Amino acid sequence: MRITYSKATVGMAKMQSRNGNISIYGRMIIENNGISLRIEDFSDIGKAFGITTHKLLCAGLVWFTKQNNIGDDRESVNEVLIPLRRYALLCGHKGVIAKDENDRRRATESLQTVRKQVAKDLQLLLNSSVKWQESTKGKKENYECPILLDGKIKYGYIYMTFSDQFAQYLKHRRITEYPEALFSVDNRKPNAYRIGQLLACQYYNKNNKKDGNFNKLRVQTLLAYTNLPTIETVRKERGSTWKGRIKEPLEKALNELVEKGVISKWEFKKKEDSLFADVGGGKMKFEEWADSLIYFTCKDDPKPQNNAENVKPESPVQPTESPSDNVQTEEQVQQPQPQNAKKPENKRPSKDKSKSVKKHSFYRKKLKFPLLE
(Lines give C-alpha, C1' and ligand atoms only; values in the text may rest on other atoms or scores of the structure.)
Protein backbone atom coordinates (compact mmCIF):
# COMPACT_ATOMS: atom_id res chain seq x y z
CA MET A 1 0.00 0.00 0.00
CA ARG A 2 1.56 3.27 -1.11
CA ILE A 3 1.64 6.09 1.42
CA THR A 4 3.24 9.51 1.77
CA TYR A 5 6.16 9.37 4.17
CA SER A 6 6.91 12.30 6.46
CA LYS A 7 8.63 13.03 9.75
CA ALA A 8 5.36 14.17 11.33
CA THR A 9 3.22 11.15 10.43
CA VAL A 10 5.87 8.56 11.31
CA GLY A 11 6.77 10.39 14.53
CA MET A 12 3.17 10.32 15.75
CA ALA A 13 3.31 6.52 15.88
CA LYS A 14 5.59 6.82 18.93
CA MET A 15 3.18 9.09 20.78
CA GLN A 16 0.88 7.94 23.53
CA SER A 17 -1.29 9.84 25.96
CA ARG A 18 0.43 8.60 29.10
CA ASN A 19 3.59 10.44 28.05
CA GLY A 20 1.74 13.74 27.61
CA ASN A 21 0.76 16.59 29.87
CA ILE A 22 -2.82 17.73 30.31
CA SER A 23 -3.70 21.28 31.30
CA ILE A 24 -6.50 22.44 33.59
CA TYR A 25 -8.45 23.34 30.44
CA GLY A 26 -8.43 19.73 29.23
CA ARG A 27 -5.80 20.21 26.53
CA MET A 28 -3.31 17.38 26.04
CA ILE A 29 0.20 18.09 24.72
CA ILE A 30 2.45 15.19 23.71
CA GLU A 31 6.04 15.84 22.64
CA ASN A 32 8.45 13.38 21.11
CA ASN A 33 11.63 13.84 19.10
CA GLY A 34 10.90 17.43 18.12
CA ILE A 35 7.24 16.83 17.27
CA SER A 36 4.50 18.39 19.38
CA LEU A 37 0.92 17.14 19.22
CA ARG A 38 -1.83 19.22 20.81
CA ILE A 39 -5.27 17.71 21.41
CA GLU A 40 -8.07 20.08 22.40
CA ASP A 41 -10.79 18.94 24.82
CA PHE A 42 -8.93 15.71 25.42
CA SER A 43 -10.72 15.08 28.72
CA ASP A 44 -14.12 15.02 26.99
CA ILE A 45 -13.22 12.44 24.35
CA GLY A 46 -12.64 9.53 26.71
CA LYS A 47 -10.09 7.79 24.47
CA ALA A 48 -6.31 7.66 24.67
CA PHE A 49 -4.17 8.63 21.70
CA GLY A 50 -2.33 5.51 20.63
CA ILE A 51 -1.93 2.80 18.01
CA THR A 52 -5.56 2.68 16.85
CA THR A 53 -5.51 6.44 16.25
CA HIS A 54 -2.35 6.20 14.19
CA LYS A 55 -3.73 3.29 12.17
CA LEU A 56 -6.75 5.41 11.23
CA LEU A 57 -4.45 8.28 10.24
CA CYS A 58 -2.38 5.93 8.06
CA ALA A 59 -5.52 4.58 6.39
CA GLY A 60 -6.47 8.16 5.53
CA LEU A 61 -2.98 8.78 4.15
CA VAL A 62 -3.17 5.63 1.99
CA TRP A 63 -6.44 6.77 0.40
CA PHE A 64 -5.11 10.34 0.11
CA THR A 65 -2.04 9.07 -1.77
CA LYS A 66 -4.16 6.98 -4.13
CA GLN A 67 -6.35 9.86 -5.26
CA ASN A 68 -3.70 12.60 -5.55
CA ASN A 69 -0.72 13.12 -7.82
CA ILE A 70 2.02 13.46 -5.23
CA GLY A 71 4.70 15.97 -6.17
CA ASP A 72 2.78 18.28 -8.50
CA ASP A 73 1.33 21.71 -7.76
CA ARG A 74 -2.23 20.94 -8.77
CA GLU A 75 -5.04 21.35 -6.29
CA SER A 76 -5.27 18.36 -3.98
CA VAL A 77 -8.32 16.27 -3.18
CA ASN A 78 -8.41 16.55 0.60
CA GLU A 79 -11.47 14.42 1.37
CA VAL A 80 -11.09 10.66 1.52
CA LEU A 81 -13.82 8.06 1.92
CA ILE A 82 -12.89 4.75 3.51
CA PRO A 83 -15.45 1.92 3.66
CA LEU A 84 -15.90 1.16 7.34
CA ARG A 85 -16.24 -2.57 6.82
CA ARG A 86 -13.13 -2.67 4.65
CA TYR A 87 -11.15 -0.77 7.29
CA ALA A 88 -12.37 -3.23 9.92
CA LEU A 89 -11.11 -6.12 7.79
CA LEU A 90 -7.76 -4.43 7.33
CA CYS A 91 -7.43 -4.20 11.10
CA GLY A 92 -8.11 -7.90 11.49
CA HIS A 93 -11.79 -7.75 12.52
CA LYS A 94 -12.96 -10.70 10.42
CA GLY A 95 -16.12 -10.99 12.48
CA VAL A 96 -17.73 -8.08 10.61
CA ILE A 97 -18.54 -10.45 7.72
CA ALA A 98 -21.47 -12.79 8.30
CA LYS A 99 -20.77 -16.44 7.54
CA ASP A 100 -24.45 -17.23 7.03
CA GLU A 101 -27.92 -15.86 7.66
CA ASN A 102 -27.88 -16.68 11.37
CA ASP A 103 -24.54 -14.92 11.80
CA ARG A 104 -25.78 -11.60 10.43
CA ARG A 105 -26.71 -10.10 13.80
CA ARG A 106 -23.35 -10.94 15.35
CA ALA A 107 -21.53 -9.43 12.36
CA THR A 108 -23.57 -6.24 12.68
CA GLU A 109 -22.73 -5.96 16.37
CA SER A 110 -19.03 -6.50 15.62
CA LEU A 111 -19.11 -3.72 13.03
CA GLN A 112 -20.82 -1.40 15.51
CA THR A 113 -18.06 -2.08 18.05
CA VAL A 114 -15.46 -1.10 15.45
CA ARG A 115 -17.49 1.98 14.54
CA LYS A 116 -17.48 3.23 18.12
CA GLN A 117 -13.71 2.87 18.37
CA VAL A 118 -13.16 4.58 15.02
CA ALA A 119 -15.49 7.42 16.01
CA LYS A 120 -13.37 8.21 19.07
CA ASP A 121 -10.11 7.97 17.12
CA LEU A 122 -11.61 10.25 14.50
CA GLN A 123 -12.55 12.76 17.18
CA LEU A 124 -8.97 12.69 18.48
CA LEU A 125 -7.64 13.51 15.01
CA LEU A 126 -10.24 16.24 14.56
CA ASN A 127 -9.12 17.90 17.78
CA SER A 128 -5.41 17.51 17.03
CA SER A 129 -2.87 19.91 15.60
CA VAL A 130 0.78 19.08 15.08
CA LYS A 131 3.91 21.25 15.24
CA TRP A 132 7.38 20.23 14.07
CA GLN A 133 10.56 21.30 12.32
CA GLU A 134 11.92 19.56 9.25
CA SER A 135 14.93 20.04 7.00
CA THR A 136 14.21 20.19 3.27
CA LYS A 137 17.21 20.39 0.93
CA GLY A 138 19.37 21.63 3.79
CA LYS A 139 16.89 24.32 4.81
CA LYS A 140 15.03 24.07 8.12
CA GLU A 141 11.33 24.83 7.96
CA ASN A 142 8.77 25.11 10.75
CA TYR A 143 5.30 23.62 10.37
CA GLU A 144 2.19 23.94 12.48
CA CYS A 145 -1.27 22.94 11.29
CA PRO A 146 -4.40 20.97 12.21
CA ILE A 147 -4.61 17.45 10.88
CA LEU A 148 -8.28 17.28 9.89
CA LEU A 149 -10.96 19.83 9.12
CA ASP A 150 -13.84 17.39 9.07
CA GLY A 151 -14.52 13.79 9.96
CA LYS A 152 -17.53 11.56 10.46
CA ILE A 153 -18.88 8.06 10.02
CA LYS A 154 -22.03 7.90 7.94
CA TYR A 155 -23.68 5.59 5.43
CA GLY A 156 -21.04 2.93 6.09
CA TYR A 157 -18.09 5.19 5.21
CA ILE A 158 -15.40 6.99 7.15
CA TYR A 159 -15.19 10.59 5.90
CA MET A 160 -11.88 12.36 6.53
CA THR A 161 -11.00 15.82 5.21
CA PHE A 162 -7.38 16.85 5.71
CA SER A 163 -6.62 20.50 6.36
CA ASP A 164 -5.28 22.47 3.39
CA GLN A 165 -1.93 23.10 5.10
CA PHE A 166 -1.44 19.46 6.00
CA ALA A 167 -2.55 18.27 2.55
CA GLN A 168 -0.12 20.57 0.74
CA TYR A 169 2.66 19.36 3.00
CA LEU A 170 1.81 15.73 2.23
CA LYS A 171 1.72 16.33 -1.53
CA HIS A 172 5.40 17.29 -1.51
CA ARG A 173 6.67 14.33 0.53
CA ARG A 174 8.09 11.14 -0.91
CA ILE A 175 6.04 7.98 -1.31
CA THR A 176 6.90 4.72 0.41
CA GLU A 177 5.20 1.39 1.08
CA TYR A 178 3.00 0.73 4.09
CA PRO A 179 2.66 -3.04 4.65
CA GLU A 180 -0.99 -3.96 4.67
CA ALA A 181 -0.29 -6.47 7.45
CA LEU A 182 0.66 -3.62 9.82
CA PHE A 183 -3.02 -2.80 10.25
CA SER A 184 -3.63 -6.24 11.74
CA VAL A 185 -0.90 -6.02 14.39
CA ASP A 186 -2.45 -6.40 17.83
CA ASN A 187 -3.28 -3.00 19.34
CA ARG A 188 -2.08 -4.32 22.70
CA LYS A 189 1.42 -4.73 21.24
CA PRO A 190 2.43 -1.16 20.39
CA ASN A 191 6.14 -1.97 20.26
CA ALA A 192 5.57 -4.41 17.40
CA TYR A 193 3.53 -1.84 15.47
CA ARG A 194 6.09 0.94 15.88
CA ILE A 195 9.02 -1.31 14.99
CA GLY A 196 7.14 -2.65 11.98
CA GLN A 197 6.59 0.85 10.63
CA LEU A 198 10.25 1.72 11.13
CA LEU A 199 11.43 -1.45 9.38
CA ALA A 200 9.08 -0.79 6.45
CA CYS A 201 10.34 2.78 6.06
CA GLN A 202 13.92 1.50 6.05
CA TYR A 203 13.27 -1.40 3.68
CA TYR A 204 11.29 0.45 1.01
CA ASN A 205 13.44 3.61 0.93
CA LYS A 206 14.90 3.94 -2.58
CA ASN A 207 18.05 5.63 -1.31
CA ASN A 208 18.64 2.79 1.14
CA LYS A 209 18.23 0.32 -1.71
CA LYS A 210 21.03 2.07 -3.59
CA ASP A 211 23.31 2.17 -0.54
CA GLY A 212 22.60 -1.42 0.43
CA ASN A 213 21.35 -0.45 3.92
CA PHE A 214 17.69 -1.23 3.32
CA ASN A 215 17.57 -4.51 5.25
CA LYS A 216 19.48 -3.71 8.44
CA LEU A 217 19.19 -1.40 11.43
CA ARG A 218 21.04 -1.00 14.68
CA VAL A 219 19.36 -2.44 17.74
CA GLN A 220 19.69 0.90 19.51
CA THR A 221 17.66 2.54 16.72
CA LEU A 222 14.83 0.06 17.19
CA LEU A 223 14.85 0.48 20.96
CA ALA A 224 14.36 4.23 20.53
CA TYR A 225 11.02 3.47 18.81
CA THR A 226 9.68 1.40 21.71
CA ASN A 227 8.50 2.08 25.23
CA LEU A 228 10.89 -0.50 26.69
CA PRO A 229 12.86 0.65 29.75
CA THR A 230 16.32 2.11 29.31
CA ILE A 231 19.41 0.27 30.50
CA GLU A 232 19.84 2.83 33.29
CA THR A 233 16.35 2.06 34.61
CA VAL A 234 16.94 -1.69 34.49
CA ARG A 235 20.24 -1.46 36.35
CA LYS A 236 18.59 0.45 39.18
CA GLU A 237 15.99 -2.27 39.67
CA ARG A 238 16.81 -5.24 41.83
CA GLY A 239 16.36 -8.74 40.49
CA SER A 240 15.96 -7.72 36.87
CA THR A 241 18.29 -8.24 33.92
CA TRP A 242 18.52 -6.33 30.67
CA LYS A 243 17.93 -9.53 28.72
CA GLY A 244 14.61 -10.13 30.45
CA ARG A 245 13.46 -6.51 30.39
CA ILE A 246 14.79 -5.35 27.00
CA LYS A 247 16.16 -8.10 24.75
CA GLU A 248 13.38 -10.65 25.13
CA PRO A 249 10.50 -8.14 24.70
CA LEU A 250 12.18 -6.83 21.55
CA GLU A 251 12.46 -10.35 20.19
CA LYS A 252 8.75 -10.96 20.95
CA ALA A 253 7.85 -7.81 19.03
CA LEU A 254 9.87 -8.97 16.03
CA ASN A 255 8.26 -12.42 16.19
CA GLU A 256 4.84 -10.75 16.23
CA LEU A 257 5.72 -9.03 12.95
CA VAL A 258 6.70 -12.39 11.46
CA GLU A 259 3.45 -13.95 12.64
CA LYS A 260 1.36 -11.14 11.13
CA GLY A 261 3.25 -11.22 7.85
CA VAL A 262 4.96 -7.82 8.02
CA ILE A 263 8.44 -9.38 7.81
CA SER A 264 9.44 -12.91 6.84
CA LYS A 265 12.59 -13.29 8.95
CA TRP A 266 15.06 -11.44 11.17
CA GLU A 267 18.33 -12.10 12.99
CA PHE A 268 20.92 -10.34 15.16
CA LYS A 269 24.40 -9.97 13.70
CA LYS A 270 27.57 -8.02 14.40
CA LYS A 271 30.37 -7.05 12.03
CA GLU A 272 33.88 -8.26 12.70
CA ASP A 273 36.68 -7.84 10.14
CA SER A 274 34.21 -7.77 7.21
CA LEU A 275 32.75 -11.09 8.38
CA PHE A 276 29.38 -11.52 10.04
CA ALA A 277 29.07 -13.61 13.18
CA ASP A 278 25.90 -14.36 15.08
CA VAL A 279 25.34 -12.35 18.23
CA GLY A 280 25.40 -14.88 21.02
CA GLY A 281 24.51 -14.84 24.68
CA GLY A 282 26.86 -15.76 27.47
CA LYS A 283 28.63 -12.80 29.02
CA MET A 284 27.71 -10.36 26.26
CA LYS A 285 27.26 -6.82 27.56
CA PHE A 286 24.28 -4.63 26.80
CA GLU A 287 26.39 -2.06 24.94
CA GLU A 288 27.72 -4.78 22.64
CA TRP A 289 24.23 -6.07 21.90
CA ALA A 290 22.75 -2.59 21.40
CA ASP A 291 25.48 -1.81 18.86
CA SER A 292 24.76 -4.95 16.84
CA LEU A 293 22.59 -5.06 13.74
CA ILE A 294 19.22 -6.57 12.99
CA TYR A 295 18.95 -8.00 9.51
CA PHE A 296 15.40 -8.47 8.25
CA THR A 297 13.36 -9.13 5.13
CA CYS A 298 9.90 -7.70 4.53
CA LYS A 299 7.25 -10.23 3.64
CA ASP A 300 6.31 -8.80 0.25
CA ASP A 301 8.30 -6.53 -1.98
CA PRO A 302 6.27 -3.67 -3.49
CA LYS A 303 4.57 -4.67 -6.70
CA PRO A 304 5.41 -2.83 -9.94
CA GLN A 305 3.33 0.27 -10.39
CA ASN A 306 0.49 0.01 -12.88
CA ASN A 307 -2.68 1.80 -13.80
CA ALA A 308 -4.50 0.21 -10.87
CA GLU A 309 -2.52 2.42 -8.49
CA ASN A 310 -4.33 5.48 -9.85
CA VAL A 311 -7.81 4.09 -9.30
CA LYS A 312 -9.78 6.31 -6.99
CA PRO A 313 -11.73 4.92 -4.01
CA GLU A 314 -15.20 3.67 -4.84
CA SER A 315 -17.91 6.30 -4.73
CA PRO A 316 -20.28 6.06 -1.78
CA VAL A 317 -24.01 5.77 -2.10
CA GLN A 318 -25.36 9.29 -2.41
CA PRO A 319 -27.09 10.28 0.83
CA THR A 320 -30.60 11.68 0.81
CA GLU A 321 -29.44 14.56 3.00
CA SER A 322 -26.22 16.47 3.39
CA PRO A 323 -23.79 14.96 5.91
CA SER A 324 -23.40 16.76 9.22
CA ASP A 325 -20.12 18.32 10.35
CA ASN A 326 -19.95 16.26 13.53
CA VAL A 327 -18.96 12.63 14.05
CA GLN A 328 -22.16 10.75 13.38
CA THR A 329 -23.36 7.21 13.66
CA GLU A 330 -23.59 4.87 10.71
CA GLU A 331 -26.93 4.84 8.96
CA GLN A 332 -28.62 2.46 6.56
CA VAL A 333 -29.06 3.61 2.97
CA GLN A 334 -32.24 2.59 1.18
CA GLN A 335 -31.55 0.80 -2.08
CA PRO A 336 -32.74 2.83 -5.12
CA GLN A 337 -35.56 1.32 -7.20
CA PRO A 338 -35.04 0.86 -10.96
CA GLN A 339 -36.81 3.39 -13.18
CA ASN A 340 -38.83 0.72 -14.99
CA ALA A 341 -39.94 -0.93 -11.77
CA LYS A 342 -43.68 -1.24 -11.29
CA LYS A 343 -45.29 0.54 -8.44
CA PRO A 344 -46.44 -1.80 -5.69
CA GLU A 345 -50.14 -2.45 -5.52
CA ASN A 346 -52.10 -1.61 -2.41
CA LYS A 347 -52.55 -5.21 -1.39
CA ARG A 348 -51.99 -6.87 1.91
CA PRO A 349 -48.51 -8.43 1.94
CA SER A 350 -48.40 -12.16 1.55
CA LYS A 351 -47.12 -14.34 4.36
CA ASP A 352 -45.36 -16.61 1.88
CA LYS A 353 -41.90 -17.31 3.35
CA SER A 354 -40.28 -17.70 -0.07
CA LYS A 355 -41.28 -14.15 -1.01
CA SER A 356 -40.00 -12.84 2.31
CA VAL A 357 -36.62 -14.46 1.77
CA LYS A 358 -36.45 -13.06 -1.74
CA LYS A 359 -37.33 -9.58 -0.51
CA HIS A 360 -34.43 -9.48 1.96
CA SER A 361 -31.97 -11.50 -0.12
CA PHE A 362 -29.76 -8.43 -0.57
CA TYR A 363 -28.98 -8.35 3.14
CA ARG A 364 -28.52 -12.10 3.42
CA LYS A 365 -25.84 -12.46 0.78
CA LYS A 366 -22.32 -13.05 1.98
CA LEU A 367 -20.67 -9.81 0.97
CA LYS A 368 -17.05 -9.87 -0.14
CA PHE A 369 -15.01 -6.70 0.28
CA PRO A 370 -11.52 -6.74 -1.29
CA LEU A 371 -8.92 -5.02 0.85
CA LEU A 372 -7.81 -2.81 -2.01
CA GLU A 373 -9.47 -1.34 -5.08
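The set of residues in region 112-155 that are assigned to a helix (DSSP H, G or I), of a type in the set (A, V, I, L, M) and in contact (Cβ under 8 Å) with a residue 40 or more places away in the chain comprises 118, 119, 122, 124, 125, 126. Screening the candidates 79, 109, 75, 101 for the property of being assigned by TED's automatic domain parsing to the domain that holds residue 37, of a type in the set (D, E, K, R) and in contact with a strand residue (DSSP E or B) (Cβ under 6 Å, 6 or more places away or on another chain) yields one hit, 79.
Of the residues making up region 86-111, those that are basic (Lys, Arg) and free of Cβ contacts under 8 Å to residues at least 40 places away in the same chain are 94, 105, 106. Summed over region 160-199, the residues that are part of a loop (DSSP other than H, G, I, E, B) and either under 14 Å from the mean Cα position of the chain (by Cα) or surrounded by fewer than 20 Cβ atoms within 10 Å (Cβ to Cβ) (or both) give a count of 10. Restricting attention to region 30-68, the residues that are in contact with a Phe, Trp or Tyr (Cβ under 7 Å, 6 or more places away or on another chain), outside any helix (DSSP H, G or I) and closer than 16 Å to residue 151 by Cα add up to 1.
Total residues in region 235-255 satisfying the condition of being touching a residue at least 24 places away in the same chain (Cβ under 8 Å) and either in contact with a strand residue (DSSP E or B) (Cβ under 6 Å, 6 or more places away or on another chain) or of a type outside the set (D, E, K, R) (or both): the figure is 6. Contact map, region 282-295: residues that are free of Cβ contacts under 8 Å to residues at least 60 places away in the same chain paired with residues that are exposed (fewer than 10 other Cβ atoms within 10 Å of the Cβ), Cβ distance under 8 Å, separation 6+ or inter-chain. No pairs are found. Residue count for region 85-111, restricted to those that are touching a helix residue (DSSP H, G or I) at 6+ places or on another chain (Cβ under 8 Å) and either under 20 Å from residue 188 (Cα atoms) or part of a helix (DSSP H, G or I) (or both): 16.
The values are calculated or read from the model by the stated rules, or taken from the named source; none is laboratory data. Computed from a predicted model, the values in this text were never measured in an experiment. FYI the Cβ positions are ideal-geometry reconstructions off the backbone, even for glycines, and counts take in every protein chain you see.
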